[in-house]
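Here's the structure we're looking at; comments come further down.
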Amino acid sequence: MKIFLDTADVYEIREAWETGLIDGVTTNPSLILKSKRELGKVANQLYAEFSEMESISTEVVADTHEEMLSQAKEYYTIGPNITIKVPCTVEGLKACKHLSSIGVKTNVTLVFSVAQAILAAKAGATYVSPFVGRLNDNSFSGVELIRAICDTYKTHQVTTNVLSASLRDVHHVSRCFAAGSDVVTLPPSVFWKMYKHVLTDQGLDRFNKDWQDALAQQEGKS
């Protein structure tokens, strides 16, 4: 089970990376725009600080696979853990096929069906990213899509990693892993919520109170 952070905020990534539980990062044009920086500069900084990560996804934005490949070269030459995100379109999968053939990691994004996931795997994708939350928004079960893709890949011994994306709460994280997802990518806020449970808080309060009571008893006997 691997956890990626879905953000371009270096400070948020740095804080979570220090836990030792983060395996990678995914970014997209919207996240880069939110960070008010250029993708190339973000990719360079992320690689400089987090070169030990498994994957740092950077997304290309173009109409043709030739343009996608031209953009991609600027990023994958930064370092070996840079992963190129391409859309699940005809042109995107052409780019994926070429990048995979030369050993560049790829992440096929905007996947909403098993059929699309099959094509991504055929194109040699390292990761395929079904959008769980966005499917739920449109009255389809995102988790059931994850399960169906994982079952299909397992049946045919596909090596492409299922990377569950568009996760909005801890429940999504747990259910996607239970459905067989190899990786989840989530906002930092959801990552930190994974630590929390009301019974854990209550248990800590009880332990602390018992400890203080035990210390007071020992002091009373001395």
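Coordinate-derived values only; no laboratory data. What you see is a predicted model, and the numbers here were worked out from it, not measured in a lab. Counting neighbours? That spans all protein chains shown, and the Cβs are built from the backbone with ideal geometry, glycine included.
Could you compute the net charge surrounding residue 202? Neighbours are other residues with a C-beta less than 15 Å from the C-beta of residue 202; K and R count +1, D and E count -1.
Here the charged neighbours net out to 0.
Subtracting the Cα-Cα distance from 0.36 nm times the residue separation, let me have the gained length for residue 217 to residue 37 in nm, one decimal.
58.9 nm
What length, rounded to one decimal in nm, is gained on full extension from residue 193 through to residue 89, with 0.36 nm per residue of separation minus their alpha-carbon distance?
34.0 nm
Please compute the volume of the convex hull spanned by the alpha-carbon atoms of segment 158-222 and report it per residue in Å³.
Hull volume normalised by residue count: 122 Å³.
Along the Cα-to-Cβ line of residue 14, 7 Å from the Cα, sits a label point; which residues in segment 37-62 have backbone N less than 19 Å from it?
Under cut-off, by backbone N: 37-53, 56.
For a quick check: with amide H placed at 1.01 Å from N, whose amide H comes under 5 Å from residue 161's, ignoring anything fewer than 5 positions away on the same chain?
The list, which skips near neighbours in sequence, is 127, 128.
Here is the link list: 36/85; 41/85; 2/73; 2/85; 36/73. Which ones come out longer than 24 Å on Cα distance?
Exceeds cut-off: 2/73.
For residue 105, go through the aspartates and glutamates and keep the ones whose alpha-carbon is under 20 Å away, minus same-chain ones fewer than eight residues off.
Partners found: 6, 23, 49, 52, 54, 59, 66, 67, 74, 91, 182.
Per residue of the chain, what 222 nm ellipticity follows from adding -39500 (n - 2.57) for every DSSP H run with n ≥ 4, rounded to the nearest 500?
Helix-only estimate at 222 nm: -16000 deg cm²/dmol.
Can you spot the lysines whose alpha carbon is less than 29 Å from residue 209's alpha carbon? Ignore those fewer than 8 places along the same chain.
Once the sequence-local lysines are set aside, what remains near residue 209 is 193, 196, 221.
Find how much the distance from residue 138 to residue 97 grows on full extension, using 0.36 nm per residue of separation minus their present alpha carbon separation; answer in nm with one decimal.
Working it through step by step, the gained length comes to 11.8 nm.
Given a Förster distance of 45 Å, report the FRET efficiency between residue 174 and residue 64 from their Cβ-Cβ distance, rounded to the nearest 0.05.
Computed FRET efficiency for residue 174 and residue 64: 0.70.
Taking R0 as 45 Å, what's the FRET efficiency between residue 77 and residue 207 from their Cβ-Cβ distance, rounded to 0.05?
For R0 = 45 Å, the calculated efficiency reads 0.30.
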